[in-house]
Amino acid sequence: MASLKEFLKEKNYKVFDLQQIHTNHFKIKMKLNGVVGDFIVDTGASNTCIGFEGIEKFFLKTEVSDVKAAGAGATEMETHKAAAVPIKIGWWKTKIDVVILDLSHVNIALKNHLAEEIDGILGADLLQKGDAVIDYAKSRLYLKKL
């Protein structure tokens, strides 16, 4: 029987290593507008997000959004959005809309658990676009070539 890696390779997937942090979350490096950032992989987050402080770091052009965000204990958070942001994970690349919101509560929680702050969250929108498969046992993310 073929391993998961071999099986997915035949299906045109590539593998990316995930880093498991102290909070048991997986973290991955990815580029937005060519700038590297640290992102938590969150299958429960509907959208890929960055904190407001990332607007300058990632050279984003944003607009205010009518959508209110909720998650990780916070509700009714103001959001902005950036449209068609180029994203790259290793060789894999795409463009998606990114939600910008206050992630300070997430970073405070990470620091309280002796984990490093993150720039954002890789959400279900990006995972679906890449037909993602997560191998939790081996800390790997597989994305299908677009």
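Residues in region 95-125 that are in contact with a Phe, Trp or Tyr (Cβ under 9 Å, 6 or more places away or on another chain) and either at pLDDT below 95 or not small (Gly, Ala, Ser) (or both): 10 in all.
Listed here are the residues, each with its yes/no results for (1) touching a strand residue (DSSP E or B) at 6+ places or on another chain (Cβ under 8 Å); (2) without any contact (Cβ under 8 Å) to a residue 60 or more places away in the chain; (3) under 19 Å from LYS31 (Cβ atoms).
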{"site": "LEU101", "(1), (2), (3)": "yes, yes, no"}
{"site": "HIS105", "(1), (2), (3)": "yes, yes, no"}
{"site": "HIS113", "(1), (2), (3)": "no, no, no"}
{"site": "GLU116", "(1), (2), (3)": "yes, no, yes"}
{"site": "GLY120", "(1), (2), (3)": "yes, no, yes"}
{"site": "LEU127", "(1), (2), (3)": "yes, no, yes"}
{"site": "VAL133", "(1), (2), (3)": "yes, no, no"}
{"site": "LEU143", "(1), (2), (3)": "yes, no, yes"}
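Exactly one residue out of ASP42, ASP38, ASP97 is more than 18 Å from ILE21 (Cβ to Cβ), touching a strand residue (DSSP E or B) at 6+ places or on another chain (Cβ under 7 Å) and acidic (Asp, Glu): that is ASP97.
β-branched (Val, Ile, Thr) and farther than 30 Å from GLU10 by Cβ: is that true of VAL64 in this structure? Criteria met by VAL64.
Table: residues versus (1) of a type in the set (S, T, N, Q); (2) under 14 Å from LEU127 (Cβ atoms).
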| residue | (1), (2) |
| --- | --- |
| GLU6 | no, no |
| ILE28 | no, yes |
| GLY34 | no, no |
| SER46 | yes, yes |
| LYS61 | no, no |
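Residues of region 102-146 that are exposed (fewer than 13 other Cβ atoms within 10 Å of the Cβ) and of a type in the set (Val, Ile, Thr): ILE108 alone.
Could you check region 8-35 and list, in sequence order, the residues that are open to solvent by 100 Å² or more (accessible area, probe 1.4 Å) and assigned to a helix (DSSP H, G or I)? Within region 8-35, LYS9, GLU10 meet the criteria.
The values are calculated or read from the model by the stated rules, or taken from the named source; none is laboratory data. Worth saying up front: this structure is predicted, and the values here are computed from it rather than measured. Glycine gets a Cβ as well: all are built from the backbone with ideal geometry, and neighbour counts include every protein chain shown. Protein only, heavy atoms only, side chains kept; ligands, DNA and RNA dropped before computing areas. Shrake-Rupley method; radii C 1.70, N 1.55, O 1.52, S 1.80 Å.
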